[in-house]
1. Given 25 °C and 0.890 mPa s, compute D for the stretch A:178-314 with the Stokes-Einstein relation, Rh being the Kirkwood radius over Cα pairs; round to the nearest whole µm²/s.
2. Round to a whole angstrom and tell me the spacing of the C-alpha centers of the stretch B:274-292 and the stretch A:90-160.
3. Taking the Cβ-Cβ separation of A:Ser39 and A:Glu94 as r and a Förster radius of 22 Å, what is the calculated FRET efficiency to the nearest 0.05?
4. How many nm is it between the label spots at B:Leu212 and A:Leu239, if each spot is 7 Å from the Cα in line with the beta carbon?
5. Compare the Cα positions of A:Phe157, A:Trp66, A:Pro89 along the charge dipole of the stretch A:64-220 (+1 at Cβ of Lys, Arg; -1 at Cβ of Asp, Glu; about the Cα centre) and return the one farthest towards the positive end.
6. Counting pairs of alpha carbon atoms under 8 Å apart in space and at least six apart in sequence, what relative contact order in percent does the stretch B:46-193 give?
7. Given springs between every Cα pair under 10 Å in a Gaussian network model of chain A, which of A:Met293, A:Met28, A:Met211 has the largest fluctuation?
8. Please list, by residue number, everything in the stretch A:71-103 whose backbone N is under 15 Å from a paramagnetic label point 7 Å out along Cα→Cβ of A:Ile50.
Amino acid sequence: MKYLIQRILFYVFTAWAAITLNFFIPRMIPGDPVKALLSRFQGQMSSDAIESLYILFGLDKDKSLWQQYLDYWVQLFHGDLGLSFTAFPSPVSEVISDALPWTLGLVGVTTIISFFLGTGLGVLAGWRRGSWVDGLLPATTFLSSVPYFWLGLLAIFLLAGPDSFFPSSGGYEPGLVPAWDQYFIPSALQHSLLPALTILISSVSGWILSMRNMMVTVSAEDYITVAHAKGLSDRRVALSYAARNALLPNVSGFALSLGFIVGGTLLVEIVFSYPGLGFLLFRAVTAKDYPLMQGIFLVITISVLVANLIADIAYLLLDPRTRKEG
Amino acid sequence: MTIPTSSVEQVIPGQGAMAQPDPARPAKAKRQRFRFIANKKAFTGVVVLGLYILFAIIGPWVAPYDPDARSEDLVQPPSGAHWLGTTHLGQDVLSQILDGTRTVMVVGLAAGAMATILSVLIGVTAGYLGGGWDDSLSALSNVFLVIPALPLIIIVTAAAPSGGAVLVALIIGFTSWAWNARVLRAQTLSLRRRDYIEASRANGEKTWRIILFEILPNLTAIIASGFVGTVIFAVTSEITLAFIGIGADSGWNWGTILFWAQSQQALAQGAWWWFVPAGLAIAFLGTALSLINFGIDEFVSPRLRSAGKTKVKTASGRTVRMRVGFTPVLSNSSAPHTHAKPIPAVTTAAATPVLKKEGSQ
């Protein structure tokens, strides 16, 4: 329990740090691009909206930095992230909440599949060192060096086309309305196959490698020899003794590399014009839509923190040592 | 506030389990200095990296065309005149790649160097000084570790539009030191309690001297592998930034090529020569750096080396698989309980055949 509370405190602290970073970054922009945007949209915005952008980007030079900081927090607690310029006049929070489920679905599912698949293959590679599985290692090294988005480009070029089963862009058929029905779901699944495959191929190799190395380290432990000496089957030793112990560091590694994976998948979305946060961030960057950019960064960071917390809880369930202290 | 580091430091390849540095080096240390290169993986990596550095230096001079020069040959496939084809403006793709190598390498190495310096400063300080320093510095690096780096790099770079390659290198360097700092802290913690460090402290050596001359030399492998890992990350991030169209308004880099290929519908036109070479260039550079890292890892922790042939036929026709942690007991005598013959030529890294002495059980 003490462990869990410590972790929660840490994530709260990190969230505070990220939000504070988010507060300072736009204040370091030389010139006032937001002000320029504001004057362009002057007539069409309500005074409330202008006020909230003033607070978010510190355009009100009369207030002290501390006062700006307090106002910023008050506004965040109201869930107000300002207005998006690209999707004018929708508020940023609305634009993001439209895109979030797409990213959560794509990234969440593929990351979990990739973790289990990679860990499984890693167990195999580490246990049967010197067998054919070791031959996979150079290939996986190569794949993990390829940027995610380039693999996506290649996948579109090779597999997608006018008369291919795989669509090359978008999240669903253009004519459909998002809903939980028999037309929309198959179409959404079909559109997510190629991006998911790309993410899977480029992220699985990291897990294989780290699990293999852990397995190799664990196989040298005395308790493995004892298990063998007891006459347990090879399979049982591999799974219940070696793999179980090798898994722990891999789970904590999973938590730590989440941020990295999320970064990579954002780019896959850009390549496939997938309607998630990555593509949204790309459009915000090209249009210099600062409120949207800041909002997306905040949402991504908070999501990663929550995912980390979940991984920590999984670690807690797997490792009895963390529970002992009561 | 910290995750137990003992297990975590072994997770990511390239930062793998480090063997205990041996303070008492063998007498012939000088001859062994380049033994690292003898590792096949590391050698391949170093050679490929050398080629990239060579092209980073001479690339712009050996490029057959001016990378910006337009010509009449629009979107031409590879030919004798344009080895890697041309773009939508008739620019030579090969020249763009050669010209871009310099930016990519300079930004990658500069960001890597900066992140390494930061990580050494923060990690070693936290590990050696301990106490309040350790708590606050560890918290700092954990925060940077958990915040997703790429989105952070994107919004910072987008907020500072007027910078060139130097600024990109600075931003990447400032956001990617955390992992190495963490690994270095863990290793410093364990070094700090070694006898030879205690001895130098008892001798009255100054703290900076202990850190510089007693601890840092024993961290060389970790620092090197951290540097290589960060360079991989920096190169990918830099190319990513250029690919989404920020932070690279000066000169060519491979990401810029991909940016134009993507925005000019190279995929729909079937113009594979436009985006495949740039991607392969990144992939080979990344692979070379990873290979160097595996080399460093296996150099310090021989267990990780891929085993050669592990299946051994015994005289009785059964196959025995050599495994780490197993010590096959083989006998020269024709004792009835075993039919195995000694096999000294087996090249397993850690399984050591032991010749059984007569009469001992």
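The values are calculated or read from the model by the stated rules, or taken from the named source; none is laboratory data. Quick caveat, the model's predicted, so the values are computed rather than measured. Cβ: placed from backbone, ideal geometry, glycine included. Neighbour counts: every protein chain shown. Surface areas here come from the heavy atoms of the whole protein model, side chains and all, with no ligands, DNA or RNA. Shrake-Rupley method; radii C 1.70, N 1.55, O 1.52, S 1.80 Å.
1. On the way: Rh = 18.1 Å.
Once the numbers are plugged in, D ends up at 135 µm²/s.
2. 18 Å
3. Details: r = 24 Å, r/R0 = 1.07.
Efficiency, from the Cβ-Cβ distance: 0.40.
4. Those two pseudo-labels are separated by 5.7 nm.
5. Checking the options against the dipole of the stretch A:64-220, the answer is A:Phe157.
6. Values: 187 pairs, mean separation 36.0, N = 148.
Reported relative contact order: 24 percent.
7. Largest GNM mean-square fluctuation: A:Met28.
8. From the stretch A:71-103, the list is A:83.
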